[in-house]
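Just so it is clear, none of the values below were taken in a lab; they were calculated from the coordinates. Please read all numbers here as calculations on a predicted model, not as lab measurements. Note that each Cβ is placed from the backbone with ideal geometry, even for glycine, and that neighbours are counted across all protein chains shown.
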Amino acid sequence: MGYYHPQFVHFAIALLVVGVGFRAISLMGRPAFVAPAATTLLLGGTMAAWLAAQSGTAAHGPVERVPGARAAVVEHEEWGIRTRNVFMGVMALEAIALVLWRSPKRRIMYAASTIVGTIGLFCLYEAGEHGGSLVYAYAGGVGIRSGEPADVERLLLAGLYNQAQIERKAGRGNDAATLLALAADRHPNDQEVQLAAAESLLLDRKDARAAIDKLRAIQPPKDNRSLRIRHGMLTADALEAAGQREGAAAIVQNLVTDYPDVPRLKQRLDSLK
């Protein structure tokens, strides 16, 4: 059930936000369809919130075991449970309003439902905010949701790449190159990863010759326009850094011939002449 947590959450958010909005509008008495629509939306949203809380509880185990993530998991879970409980209270008020369908007191229940529902939306916001922090700041669930090893490997690759960018910006070129070399070793058949590692040899290790050798081992498919352009431009940069400007110009000239609609290629060629 934990696998479907994101779906349940998004349904809960959409249905509850619109449901509380409709309930507030229904206090004006018009249009007539808004009152029953609000009840329907709130019922669907509360069911989705219950499912979101249950699926979140089912999914939290592996995420909570990630070092440093436990506190974030607990906070998200607590706000999710609060949201569920508040909207269960909203549905109790909605049920009383149905019993009082022909009574003027029904509007009092609608007003109470609106007030409690607004509190519920605050709880929903907090649950969403803490959930977003869990996912984006702690990688909670990222890569492990499906249980597929390939997903975990992509998580590791993303971590290596982004940490390498941080190291590069901080001036720690050797550390950046080490991380990207590890990524290249783990993904020998992924040409984008190999290009990133070749670029790192040039930018981080300042080793143009090693970058050239690595780039020569990469043969981008002819039908992959973006990869061919990136490969050619990197090769040109490496050749120029190695003092081979004519070779760099020849590489870029071939790219201009193949892709005459790309202005930056022409600009790069002009800079080499």
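Which trypsin sites (Lys or Arg not before Pro) does the range 36-99 hold that lie in a coil by DSSP with at most 15 other beta carbons within 10 Å?
Details: sites: Arg65, Arg70, Arg82, Arg84; in loops: Arg65.
Passing sites in the range 36-99 are Arg65.
Apply the Kirkwood formula to the chain: the hydrodynamic radius equals the inverse of the mean of 1/r over all pairs of different alpha-carbon atoms; give it in Å with one decimal. Intermediate values should be presented prior to the final figure.
Values: mean 1/r = 0.0436 Å⁻¹.
Here the Kirkwood hydrodynamic radius works out to 23.0 Å.
Roughly how big is the range 2-138's charge dipole about its Cα centre, with Cβ charges of +1 (Lys, Arg) and -1 (Asp, Glu), in debye to the nearest 20? It would help to have the intermediate numbers written out before the result.
Values: 10 positive and 7 negative charges, 139 e Å.
That gives the range 2-138 a dipole magnitude of about 660 debye.
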(message) Looking at the range 2-138, I'd like the Rg to Rh ratio, where Rg is from alpha-carbon atoms and Rh is Kirkwood's inverse mean 1/r.
(response) 1.06
(request) Compute the Cα gyration tensor for the range 219-273, then decide on rounded, prolate or oblate, letting a ≥ b ≥ c be the square roots of its eigenvalues: rounded whenever a/c is under 1.5, prolate when a/b is larger than b/c in the other cases, and oblate in all that remain. (result) oblate
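Once you have a ≥ b ≥ c as the square roots of the Cα gyration tensor eigenvalues for the range 148-205, tell me rounded if a/c is under 1.5, and otherwise prolate or oblate according to whether a/b is larger than b/c.
Details: a/c = 2.79, a/b = 1.55, b/c = 1.80.
In terms of gyration-tensor shape, oblate.
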(message) Could you work out the relative contact order of the chain? I mean the mean sequence separation of Cα pairs under 8 Å and 6+ apart, divided by the number of residues, in percent.
(response) 11 percent
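Given charges of +1 on the Cβ of Lys and Arg and -1 on the Cβ of Asp and Glu, with all other atoms neutral, how large is the dipole of the chain about its Cα centre, in debye to the nearest 20?
On the way: 30 positive and 26 negative charges, 180 e Å.
Taking the Cα centre of the chain as origin, the dipole is about 860 debye.
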(request) Find out how many positive minus negative residues lie around Ala71, taking Lys and Arg as positive, Asp and Glu as negative, among other residues whose Cβ is under 12 Å from that of Ala71. (result) -3
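Based on the Cβ-Cβ distance of Ala14 and Gln267, what FRET efficiency does E = 1/(1 + (r/R0)^6) give at R0 = 45 Å, to the nearest 0.05? Before the final figure, lay out the partial values.
Working: r = 46 Å, r/R0 = 1.03.
After rounding to 0.05, the efficiency reads 0.45.
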(request) Taking only Cα atoms and a 10 Å spring cutoff, compute GNM fluctuations for the chain and point out the largest among Glu246, Glu94, Glu167. (result) Glu246
(request) Please grab the % of Cα pairs in the range 55-101 that end up more than 18 Å from each other. (result) 47 percent
(request) Specify which residue in the list Gln219, Gln244, Leu234 is farthest towards the positive end of the charge dipole of the range 139-273, using unit charges on the beta carbon of Lys, Arg (+1) and Asp, Glu (-1), about the Cα centre. (result) Gln244
(request) Return the sequence-ordered ³J(HN,Hα) values of the range 24-40 in whole Hz as given by the Karplus equation 6.51 cos²θ - 1.76 cosθ + 1.60 applied to θ = phi - 60°, using x for Gly and Pro. (result) 5, 5, 5, 5, 7, x, 9, x, 5, 6, 5, 4, x, 5, 4, 4, 5
(request) Count the net charge of all other residues whose Cβ sits under 15 Å from the Cβ of Ser226, scoring Lys and Arg as +1 and Asp and Glu as -1. (result) -1
(message) For the chain, what is the number of Lys pairs with C-alpha distance below 21 angstrom, counting only pairs 8 or more positions apart or on separate chains?
(response) 4
(message) Can you compute 3J(HN,Hα) from phi for each residue in the range 179-192, using the Karplus curve 6.51 cos²θ - 1.76 cosθ + 1.60 with θ = phi - 60°, rounded to whole Hz and x for Gly and Pro?
(response) 5, 6, 5, 5, 4, 5, 5, 7, 10, x, 9, 9, 5, 5
(request) Using a Förster distance of 30 angstrom, determine the FRET efficiency expected from the C-beta separation of Trp101 and Phe122, and round it to 0.05. (result) 0.55
